[in-house]
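Visitor: So that we are looking at the same thing, I have put the structure below in structure tokens.
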Amino acid sequence: MPPEEAPLGDVSARAGKVRSHRFLAVNTALPHLRGDADTIGRIETFLKDAKLSVDLFAMKRTGSGETKSEETLWPLDHARPALRSGETVEIHAVVRNRGVGHTFPGGTNDSNEGWLEVTVADAAGTTLFHSGAIRPDGYLEPSAHRYHAIIVTDKGEAVHDRVPTVFRATVYARVIPPSSSDLARYRFRVPEALPAGPLRVEAHLRWRKFDQPYVDFVFAGKEKPTLPIIASAAVALEVGPGAAHPHQALPAAEWTRLNDYGIALFLQGDNQAAARAFEALKTIAPERADGARNLTRVALAEGDLVTAERELSDAEKVAPGDPQSAFFWADLLMRKGQYDLALKAYGRVLDYFPSDRQALFQSGRALYLKSEFAAAIKQFLEVLAIDPEHRESHYHRLLCYRALGETAAAAEAEKAYSKYQIDETAQEFTQPFRQKNPEANLEAQRIHVHE
């Protein structure tokens, strides 16, 4: 609720200002329908105020000939790689949720629509590549990189009318958590003949409150409005000509860019590429623990406990007693079966983040593995006080009650666990939709390339 100028005569004003009750978010549809251009402008300013960012950070190139070797160059704005006629390159765009305060997007993401629009043009302005265009009928091209959810019925048909009683399975739901990042890959071939000068690459993160299928449903039989599209973040750069030097001259002050890139790679399961990014981060920002700590995350994901311990030790030297590092110490100690030490590490996390569900849950699990069932139940109940649908807490509570011979409580926990259990067969209902919509099936893959 930021302060803003108070209307004349407002008795609640302090120094001519009142706390805003506009609660600006991303609903541009309602103000558009009532002709409220002022609110739309305020929302656009709000979203552009460093809440979200786009970074054309890296380029992967595939060599020609028999070897087909690959190299990845970053950061593009410093390395400025030269492009070769006829080569195939892959641009990596990193989208960061810096300050939205919740996932981007949030809310009803089966009708909300965010996406990246990326273009590549030559020096004469001729478009060589375009992804994320709006078609003349108002629909977003299906191959765009979308921040959206597709939900289908038990017949494998997409639900566009927001009737949750027919929701059966999710094809994909892409959101970016707070302070996290996502990576979109774009591949194109450099033409054999180009006018003199560099190529211009542009990326725009766009948003509209409702997608076109939902607008068609709401305004069926009526004149359909054209809802505003907001560019919440944008970036442009030129590539080639110039000398190409891998990982050239990323200033230490820009370490977050490399960290964002590594996090996005890691979240998509590209562990080797993420590790290379985090190793580079350790080099350019040795005074920070982030590089070593994130290498620990990669090692733990790979089951490499030796590397995880080594990197955690490096992080500890830089930032002794850091509670974020304590979380990964606890994870490592749990895997090594050192439950008492793991509990101490989780305790340090909870000293700083007392409502951290994962730390609370894993503390309970450590107690369960030590056969301290009553104490474990208390931890699981703390988790459920925060998130009543945390099915793993219900399951472990069930195990503890059974171990204590508390039949009635075990039955109640089992009922709750069954209620919130994931239906592992539900993805079968997405198959007809995936077969008819290959672009959506591609979007559902963790790692995919737009061509």
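The values are calculated or read from the model by the stated rules, or taken from the named source; none is laboratory data. What you see is a predicted model; the values in this text were computed from it and never measured. When we count neighbours, we look across all protein chains shown, and the Cβ atoms used for this are built from the backbone with ideal geometry, even at glycine.
Residue-wise test of (1) assigned by TED's automatic domain parsing to the domain that holds Phe266; (2) in contact (Cβ under 8 Å) with a residue 24 or more places away in the chain; (3) part of a helix (DSSP H, G or I).
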| site | (1), (2), (3) |
| --- | --- |
| Thr283 | yes, no, yes |
| Pro286 | yes, yes, no |
| Leu295 | yes, no, yes |
| Asp314 | yes, yes, yes |
| Lys317 | yes, no, yes |
| Ala326 | yes, no, yes |
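Visitor: Turning to a different aspect of this structure: Would the stretch 357-375 turn up any residue that is aliphatic (A, V, I, L, M), touching a strand residue (DSSP E or B) at 6+ places or on another chain (Cβ under 7 Å) and modelled with pLDDT of 95 or more? Please lay out each step first, then the result.
Guide: So the first thing to find is which residues in the stretch 357-375 are aliphatic (A, V, I, L, M), and the list is 359-360, 366-367, 369, 374-375.
With the extra rule that they be touching a strand residue (DSSP E or B) at 6+ places or on another chain (Cβ under 7 Å), the set shrinks to none.
The answer is no; no qualifying residue exists.
Visitor: Any idea which of (1) over 22 Å from Ile91 (Cα atoms); (2) modelled with pLDDT of 90 or more; (3) touching a helix residue (DSSP H, G or I) at 6+ places or on another chain (Cβ under 9 Å) is the one Ile230 doesn't satisfy?
Guide: The one condition Ile230 does not meet is (2).
Visitor: For a quick check of your reading of the model, give me the residue pairs whose first member lies in the stretch 386-412 and is farther than 11 Å from Phe373 by Cβ, whose second is among the β-branched types (Val, Ile, Thr), with beta-carbon atoms closer than 6 Å and at least 6 apart or on different chains.
Guide: Here the result reads His390/Val383; Ser393/Val383, each pair linking the stretch 386-412 to a residue that is among the β-branched types (Val, Ile, Thr).
Visitor: Here's something else I'd like to know. Kindly provide the set of residues from the stretch 272-300 that are buried (at least 24 other Cβ atoms within 10 Å of the Cβ) and under 12 Å from Trp255 (Cα atoms), ordered by number.
Guide: Ala277, Phe278, Leu281, Gly291, listed by residue number.
Visitor: Filter the stretch 320-352 for residues that are in contact with a Phe, Trp or Tyr (Cβ under 8 Å, 6 or more places away or on another chain) and aromatic (Phe, Trp, Tyr); which is nearest to Arg297 (Cα to Cα)?
Guide: In this case the residue turns out to be Phe327.
Visitor: Okay, moving on. If Ala253 satisfies every condition in (1) touching a helix residue (DSSP H, G or I) at 6+ places or on another chain (Cβ under 7 Å); (2) surrounded by fewer than 18 Cβ atoms within 10 Å (Cβ to Cβ) but one, which is the exception?
Guide: (1)
Visitor: Can I ask one more? When you check Arg208 against the structure, is it among the basic types (Lys, Arg), under 25 Å from Thr119 (Cβ atoms) and within 21 Å of the chain's Cα centre (by Cα), yes or no?
Guide: On the way: among the basic types (Lys, Arg): yes; under 25 Å from Thr119 (Cβ atoms): yes; within 21 Å of the chain's Cα centre (by Cα): yes.
Yes: the conditions hold for Arg208.
Visitor: Could you check the stretch 118-193 for strands (runs of 3 or more DSSP E) lying wholly inside it with 3 or more residues that are outside the structural domain of Lys209 (by TED's automatic domain parsing) and surrounded by fewer than 19 Cβ atoms within 10 Å (Cβ to Cβ)?
Guide: none
Visitor: So which helices (runs of 4 or more DSSP H) are wholly in the stretch 22-110 and hold at least 2 residues that are crowded, with 18+ Cβ neighbours inside 10 Å and modelled with pLDDT under 85?
Guide: 29-33, 37-48
Visitor: Here's something else I'd like to know. From Val163, Val215, grab the single residue that is more than 22 Å from the chain's Cα centre (by Cα) and touching a residue at least 12 places away in the same chain (Cβ under 8 Å).
Guide: Val215
Visitor: Just one of Thr430, Thr407 is at pLDDT 95 or above and touching a strand residue (DSSP E or B) at 6+ places or on another chain (Cβ under 8 Å); which is it? Talk me through it step by step, then tell me what you get.
Guide: On the way: Thr407 fails: touching a strand residue (DSSP E or B) at 6+ places or on another chain (Cβ under 8 Å).
Going through Thr430, Thr407 in turn, just one is at pLDDT 95 or above and touching a strand residue (DSSP E or B) at 6+ places or on another chain (Cβ under 8 Å): Thr430.
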